[in-house]
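Structure, as structure tokens:
The values are calculated or read from the model by the stated rules, or taken from the named source; none is laboratory data. All values reported here derive from a predicted model rather than from experimental measurement. We place every Cβ from the backbone using ideal geometry, glycine too, and count neighbours over all the protein chains shown. These area figures cover heavy atoms from the full protein model, side chains too; ligands, DNA and RNA do not enter into them. Shrake-Rupley method; radii C 1.70, N 1.55, O 1.52, S 1.80 Å.
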Amino acid sequence: PHYYKILKNYPCFIHGYTKIGNPITWELAGKMNAQELFAEGRDLIMHRAYSFYLEFIFNDLCSRPEILSRRKDTPPFSGKMFACILDLKGFNPFHLTMKVVKYCVRVSKINESHYPMSGQQGIFINAPNWLVNSFALLTHLVPENNKDSIIFLSSSNLGGLKELIDEDQIPKRYGGTSPYDFDQHPYMQEFYRVVDRANATPPSLSK
């Protein structure tokens, strides 16, 4: 029921899929309001919201024909995966509060405990130099089965996205030709409907 508030303080959207059939989430980490996002008592809410998000991706999107047709797994989706693109434009060290770090550790444990056969491809775009240089110190926050799937793309190399994703699956703001902006994509619209069904009266994004 708190998803809309989370979205307001941490913009994240489901939009398209990669060339190998991984649904894509786009997260605007540089626009995160960590203080509001992790206000007192919201840690458990955040963990539940994350699990809700994954359940939709793995149990709904991963079984859709356009995605299954891209997969080469036998049987299909023996190991479910999704790609997470983090736009780090505007991200700074002050975003890495202790609560944010604890949340990342907890998410890693959720993945390993409840989704052991799943994986996540991490694509960091517009990453500041200090974060790229510090990544080795943060690898303990990344699940073991995902450490080889981390890619950094600078602001001058966003064309590298097209090596992983077809142009029509990339939002125009990142050089693609998708006719949808983030929250207009059919996947995201369907997720909103799922959230709304779980909410008696979904709060307004404007609140």
Given the protein chains as shown and a 1.4 Å probe, how many square angstrom of S63 are accessible, to the nearest 10?
-> 70 Å²
With r defined as the distance between the Cβ atoms of C104 and A198 and R0 fixed at 22 Å, what FRET efficiency is calculated, to the nearest 0.05?
-> 0.35
How much net charge surrounds Y17 when only other residues with a Cβ under 12 Å from its Cβ are counted (Lys, Arg +1; Asp, Glu -1)?
-> +1
Kindly sort H95, H2, H114 by accessible area of their heavy atoms, largest first, with the probe set to 1.4 Å.
-> H114, H2, H95
Between F94 and R64, with labels modelled 7 Å along Cα→Cβ, what's the label distance in nm to one decimal, could you check?
-> 3.8 nm
Over the stretch 28-70, average the accessible area per residue using a 1.4 Å probe and give it in Å², no decimals.
-> 52 Å²
At F182 and E36, where each label point lies 7 Å from the Cα along Cα→Cβ, what is the point-to-point distance in nanometres?
-> 1.3 nm
Taking all protein chains together and a probe of 1.4 Å, list M46, M98, M81 from the most accessible to the least accessible.
-> M98, M81, M46
